[in-house]
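Engineer: To start, I am sharing the structure in question, which I have written as C-alpha cells.
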Amino acid sequence: MRRIGCVILLAIAVTVFWSVKPAKADLGITPVRIVFEKRGRSATVQLVNLTNRTNTYRMGWIFLKAKPGGGYETLPSDDKNPYSVSKMVVFTPRQVTIEPRGQQTIRLSLRRPADLPVGEYRAHMSLVRLARETPIETDPNQKSISLSLDVNVGFSIP
C-alpha cells in the first residue's frame, strides 16, 4: 500500500515539474544594490538586454519602506526634503535603448550637502521597460474583435 502511494506521489511530482517552465529575466542588472560609503562619490550600474529584441528602459526613483510582516509600502515622492536621495544622487542617462544582447552603463554621482546629518538615506532606482510600440494592423473584412495588451515591465534596485 505504501509503495502505491509513493509511486502516485512520484508520478504527480514528475508531471508538475515537467510542465513548469523556467523564469526568464529579460534584463541583467549588476550590481543589484548600490551603497555609497563615507568617501564614495560615484558608482555604475550595468544593464544587459538578455532578449533578441531591442528594448527601451526609463530610469527614475521610487521610495519604498519595508513592512514588518514582509514586502514594501510605496511612499510619496520626497521632493521637498533637501536631503532626499533624488536630490543628492544624479544619474545618467535617464532613458536607454539597448540592442539585442547589448549592454549599457548607467553612471551615478553622489553630491553630499555640507550640512548632511548622519544617518541612512534610502531609495530604489527603478528601471521600467517601455512597451513596444507596434502599429495595429486592422483588416476591414475582419468579423471578430481582437485585444492587444502592452505591459511596461519594471525592475528596481536599492
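Engineer: Can you give me the number of residues within segment 23-54 that are charged (D, E, K, R) and under 23 Å from L116 (Cβ atoms)?
Structural biologist: Within segment 23-54, the subset charged (D, E, K, R) is 24, 26, 33, 37-39, 41, 53.
Remaining after also requiring under 23 Å from L116 (Cβ atoms): 33, 37-39, 41.
Qualifying residue count, segment 23-54: 5.
Engineer: Between a first residue in segment 39-58 that is closer than 10 Å to G102 by Cα and a second residue that is of a type in the set (F, W, Y) and open to solvent by less than 60 Å² (accessible area, probe 1.4 Å), which pairs have beta carbons less than 7 Å apart while being 6 or more apart in sequence or on different chains?
Structural biologist: L47/Y57
Engineer: Which one is surrounded by the most Cβ atoms within 10 Å (Cβ to Cβ), of the residues in segment 85-130 that are in contact with a strand residue (DSSP E or B) (Cβ under 6 Å, 6 or more places away or on another chain) and basic (K, R)?
Structural biologist: Per the criteria, the residue is R129.
Engineer: Additional query: Can we say T44 is closer than 18 Å to N152 by Cβ and of a type in the set (S, T, Y)?
Structural biologist: Working: closer than 18 Å to N152 by Cβ: no; of a type in the set (S, T, Y): yes.
No; evaluated as a whole, the condition is false for this residue.
The values are calculated or read from the model by the stated rules, or taken from the named source; none is laboratory data. Fair warning: this is a prediction, and the values are worked out from it, not measured in the lab. For neighbour counting, all protein chains shown are included, and Cβ atoms are generated from backbone atoms with ideal geometry for every residue, glycine included. Heads up: the accessible areas ignore ligands, DNA and RNA and are worked out on the full protein's heavy atoms, side chains in. Shrake-Rupley method; radii C 1.70, N 1.55, O 1.52, S 1.80 Å.
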